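The values are calculated or read from the model by the stated rules, or taken from the named source; none is laboratory data. Bear in mind that the values here come from a model prediction, so they are computed numbers and not experimental data. All Cβ positions, even for glycine, are placed from backbone atoms using ideal geometry, and neighbour counts span all protein chains on display.
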Amino acid sequence: MEKYIEPFVEATSGVFTNMVGMDIAVGRPYICEMNSPHAWDISGVIGLTGEARGAVVLSLKQDLALTITATLTGREQPALNEDVVDAVGELINIIAGNAKKGLEESFKLVISLPTIVDGPNHHIAWPLEQTRIICIPFTVQGGKEFCLSVALETKREG
Amino acid sequence: MTSGKFFREDDPEKMDMTIRYVLLNSMIFVGCTLLVLFGIESFKEQAPLQGILDFSMAAITLVGFVLLRTPAPFIWSSGLTVLSFMGLCAFLVYTGGVQNSGVLWAYSFPLLAIFLLGIRLGSLLTALLGLFLGMVVLIPGFSPQKYEAAFAFRGIGVYLLVTLCTMVYEITKMNKDQRLLKLTASLKEERDQIAAMKDNLREALFLLDRQGTIQSQYSPILETMLGKTNLTGETFLNLLAPSLSAKERGLLEDFFAMVLEQRFDAAMLEDINPLKEFTYLPPGGASPRTLSATCSRLQRENGEAYLLCTLRDLTREVELRRQLEEEEKKRQQEMRALFEVVHVDPRIFEDFIQEMDYQFVHVNGALKNSEQDNRQTLIQVYQSVHAVKANAVILGLSDFAEKLHTLEQEIKLIQNKEEITFQDMLHLTVEIEKVYREKDTFEQLLNRIRSFSATSSQLQEEQVLVQTLERTIKKLCHELGKQATLSVGTLEHGALQQLDFRLLKEILIQLVRNALVHGIETPEERQRKGKPAAGTIFVSLEKKGDQLCCVVGDDGNGLCFERIRQQAERRGMRIEPSKERQQLLQYIFSPGFSTQDEADLHSGRGVGLSLVKDRVYATGGSIKIATEEGKGCRFYLYFPLEKNHSVAG
């Protein structure tokens, strides 16, 4: 299963370093309950189907989303508005696109266009029966954090 | 010569038309030259009428020559030429020509007309000219020349003969052409059918000659299977070379030779076929395929022996088969798990699941704690996995225990690495998540069992504890070939209420295991020492002032300081003789200590006592040990009563 997750981790690191221009460190993965309360304000959901089925979700807090928007568009935004959603959507789009390159070549996988969910403690409808997800925490410069969560079901083990 | 026209190679009329074009061209050329020469001569001989006729005929022929080079149908140009030639012949016959030779020209007409215009039109024109010839030679006064009757009949006779011969020849030729056409058509149809079969078969067919080279008429699907185009002339063995070991290659060469030899029975050859199912590595690093080849001998008409081979792509079949087997295995595992679970009392099983939940919260907490480095986390994860494994073994969930054992080994592998990478931790997390899923399955099983035995009596905590420890001992004795009984001393119910039950159980299990594995001797050894064959493990729990005192003891061999010291020294520990005992006692509680050389499902890896120490210290408690070599060992655990809930979550 790691082989499906790693491309997303690499794509995320790459995009943050090269596009947003932020130093990024990946933390130790952990497991959490799917619907436990969380502190994230905005999430991008990338769906996967094929030999592995599920979703990869990138979740951020408002302040990091605003910083990223300012870096990408050059305009400061006061709060989570449409521009911020667009900017984060674009960022996740690029991450999905970069991960897609590695994944669709090597595995029988199809990756969907990302969708954005926002709002405090927003609920993500994971397309699976299982109740746990693997979270990979990232720290960017200034100690801000965001999280890449993965829930996948593989048709074949390996 | 064919007037710049080209005919398709496979056109059955190609040869025919080529000849017609060549003939018409040369006729126009020769005719035109002759006509011009005749014309000039006629003018010289003061016969302008004939001269003009000659020239105009030449001009018409030239038009035909030009027409032949345009896309206009062949019949236009040939018709024009033939008609002008017919006119010329008629004129020559009518005038008699030089020395009455005009009639002779007419004899060449049937040949040309029938050949160039075909049997119908050609015969018609020939008949017309013949009629005109007859009239000229037979009817006196019709033409300026006078012919004698004998000459006339001979002239007409020869003309008829030439016409007849030409017609017979043409008809024969047409028949032959038609037959050829039919034959070609039926051959083509057959070839198309064979090609269609060959091209659409899911098996690839091909021929190999004695040298093993692929012949040209192979199925196109062969290229897909072998992942290579233009296979004609390739050596089949070389194509397989990357997929075969040297030994296999030798085997295959022998097999081909045997097939070619014709001496061997087909069924026997099929039995020893080394290509019955093999993994093929296509060039260019595409994913491997599973192929199956069969070979048989084929004698061709030229006397050469060939190998007729078929190749089948089994990749999908093999994949499906593998999936089926996996499903079957999984199903069997689930069945076995169900049977294993059914034997366990639901109350104890529920306790096991709660224990797992507790340990997994612990594991997750360790993973999530970003303050802590990977090595520290790994130790905690390992302890929890080990504790769950111990419980699984006690309950007889051997498959699950085996999985946890594998997980332990993976953790150990990561721990032994110089540098622990993100990938290692991700892999570990994924593996842990898989174990979590297994727990979910157990939970579902438990719920199902509960629905069957809703009325079963609820066991008291003391009973659960005692039963669990008894199971532990029974199980381990069986595995280790030892004998031991559990002796329960004071077990204050009130004391039990004040301590986290799960924590206590975990600690007791580890200590009991420790006593059995390291303390109690084998029955033979015990008898040699004059002890009863069955050892005794003693457990008690009571309140002593503001502390809870828990005692676990055995009448085994006691701690062997010599062995502990040896191991400590092997690990590079410096031991000061004055504090030797104290240092060694501390050492047995450190992670990684074990006097067993190899870890197995039941003990080893030295996690047991370090876990006990961590858990007791976490409550703010303390540990004392009393040991006497040859007599036994006792662990005294003290838990403060106020703080004992600090780790209960």
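Miscellaneous remarks
- Candidate set: segment B:476-499, residues that are part of a loop (DSSP other than H, G, I, E, B) and modelled with pLDDT of 85 or more; chosen: the one nearest to B:Gln460 (Cα to Cα): B:Gln483
- Every residue from segment A:21-38 that is out of contact with any strand residue (DSSP E or B) (no Cβ under 8 Å at 6 or more places or on another chain) and touching a residue at least 24 places away in the same chain (Cβ under 8 Å): A:Gly21, A:Asn35, A:Pro37
- Being closer than 21 Å to B:Ile509 by Cα, within 14 Å of chain A (Cβ to nearest Cβ) and either surrounded by 14 or more Cβ atoms within 10 Å (Cβ to Cβ) or not hydroxyl-bearing (Ser, Thr, Tyr) (or both) holds for only one residue in B:Gln380, B:Gln423, and it is B:Gln380.
- Given (1) touching a residue at least 24 places away in the same chain (Cβ under 8 Å); (2) within 14 Å of chain A (Cβ to nearest Cβ); (3) loosely packed, with under 14 Cβ neighbours inside 10 Å; (4) not hydroxyl-bearing (Ser, Thr, Tyr), index of the condition B:His493 fails: (2)
- Those residues of segment B:428-449 which are of a type in the set (Asp, Glu) and within 11 Å of another protein chain (Cβ to nearest Cβ), in sequence order: B:Glu431, B:Glu433, B:Asp440, B:Glu443
- Within segment A:64-102, tally of residues that are touching a residue at least 40 places away in the same chain (Cβ under 8 Å) and in a loop (DSSP other than H, G, I, E, B): 0
- All of (1) at pLDDT below 90; (2) outside any loop (DSSP other than H, G, I, E, B); (3) within 17 Å of the chain's Cα centre (by Cα) hold for A:Ser59 with one exception: (1).
- Every test in (1) touching a Phe, Trp or Tyr at 6+ places or on another chain (Cβ under 9 Å); (2) assigned to a helix (DSSP H, G or I); (3) surrounded by 21 or more Cβ atoms within 10 Å (Cβ to Cβ) is passed by B:Leu516 save one, and that test is (1).
- Residue check, B:Lys403 more than 9 Å from chain A (Cβ to nearest Cβ), surrounded by fewer than 15 Cβ atoms within 10 Å (Cβ to Cβ) and either free of Cβ contacts under 8 Å to residues at least 40 places away in the same chain or hydroxyl-bearing (Ser, Thr, Tyr) (or both): no
- Residue match in segment A:94-102 (condition: within 14 Å of another protein chain (Cβ to nearest Cβ) and touching a Phe, Trp or Tyr at 6+ places or on another chain (Cβ under 9 Å)): no
- Across segment B:566-575, a minimum of one residue is classified as in the same structural domain as B:Gly621 (by TED's automatic domain parsing) and more than 59 Å from the chain's Cα centre (by Cα).
Each row is one residue, and each column tells you yes or no for (1) more than 17 Å from B:Leu397 (Cβ to Cβ); (2) in a loop (DSSP other than H, G, I, E, B).
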residue	(1), (2)
B:Asn447	no, no
B:Arg450	yes, no
B:Thr468	no, no
B:Arg502	yes, no
B:Gln510	yes, no
B:Lys531	yes, yes
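- Hey, B:Lys330 of a type outside the set (S, T, N, Q) and not assigned by TED's automatic domain parsing to the domain that holds B:Ser216 or not: yes
- All positions within segment B:609-629 that are surrounded by fewer than 16 Cβ atoms within 10 Å (Cβ to Cβ) and touching a Gly at 6+ places or on another chain (Cβ under 6 Å): B:Glu628, B:Glu629
- Selection of segment B:16-33 for residues being under 60 Å from the mean Cα position of the chain (by Cα) and not β-branched (Val, Ile, Thr) yields B:Asp16, B:Met17, B:Arg20, B:Tyr21.
- Residue in segment B:320-371 that is nearest to B:Thr290 (Cα to Cα), counting only those that are loosely packed, with under 12 Cβ neighbours inside 10 Å and more than 14 Å from chain A (Cβ to nearest Cβ): B:Glu328
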